Amino acid sequence: MRAWRIFSDRIEAGQDLAKALAVHRGRPDVVVLGLPRGGVPVAFEVARFLGAPLDVLIVRKLGVPGHTELAMGAIATGGIRLLNDEVIQALQIPMEQIDRVAAQEQREMSRREMAYRGDRPPLDLRGHVTIVVDDGMATGSTMRAAVQALQRRNASKIVVAVPHAPADTVGELRAMGAEVVCLEMPEPYFSVGSWYREFPQVDDAEVRNLMKKAGRRALKSGRAAGGQT
């Protein structure tokens, strides 16, 4: 039986993931997006290695009431709402309950937009290769919502980049038209955190700090970290 790799932390995972994306290094048409909060430290390392601007893409999981770790769907910036019909039907979750959870997560999504970006506009993705990064995927519901949001924003190419994910989740994203770069596809997968030796919670302050660092780096290199690129 194969021994699947366990990463030391998100920094190591981001550095190794960046090497797997080296074909995009130094290209002016590449941008990197991190899914807050856990995906941002990974994305920071990717963006630094590639010399690309870094931004956040806010996606919120719709957790089943009383079992919030189980996703019944996800929402993303741009009015994207993706539902997991299998979970909803199996648990007979009424639409009114789904709407209540979605409204609550929409408020949190708006709060994070302001906390992480302030009044700075999102990166313009038109005509750009967009690499969207997370620290791992289980069901892939949030990443599927992210891909849909990026398709609406007319990215020329969408690359999903994660250190690890189940093979079936990778296959579903490829079926949506995204390229997927995944270093490990453990079976069985368990949880995202089980593939890290250190997996601390990432708070808003850390995300803001990494975004500021990326912005300063972008200014020095002459590449915009927000708005038009």
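Each value in this text was obtained by applying a stated rule to the coordinates, not by laboratory testing. This structure is a prediction, so every number in the text was calculated from the model and none was measured.
Structure remark: mean-square fluctuation, Gaussian network model of the chain, C-alpha springs under 10 Å; the largest value among PRO122, PRO94, PRO186 belongs to PRO94.
The spread of Cα positions in the range 123-170, taken along each principal axis and listed from longest to shortest, comes to 30, 17, 15 Å. In the range 107-229, the C-alpha radius of gyration followed by the widest Cα-Cα span (Dmax) gives 15.7, 44 angstrom.
Compare ALA47, ALA218, ALA145 in a GNM of the chain, Cα atoms joined below 10 Å, and give the one with the largest fluctuation. Sorting by GNM fluctuation, first place goes to ALA218. In the chain, the DSSP-assigned H stretches of four residues or longer account for a calculated mean residue ellipticity at 222 nm of -13000 deg cm²/dmol, using -39500 (n - 2.57) per stretch and the full residue count as denominator. Legend: Rg and Dmax of the range 10-71, from Cα coordinates, 14.1, 46 Å.
Each listed q (0.25 Å⁻¹) maps to a log10 I(q)/I(0) for the range 69-150 from the Debye sum over equal C-alpha point scatterers, namely -1.39.
Determine the percent antiparallel among the DSSP beta bridges restricted to the chain, to the nearest 5. Walk me through the numbers on the way to the answer.
Numbers: 11 of 30 bridges.
Antiparallel bridges: around 35 percent, rounded to the nearest 5.
Computing Cα Rg over 2.2 N^0.38 Å directly from the structure and comparing it against (1) 1.12; (2) 0.97; (3) 0.91 singles out (2).
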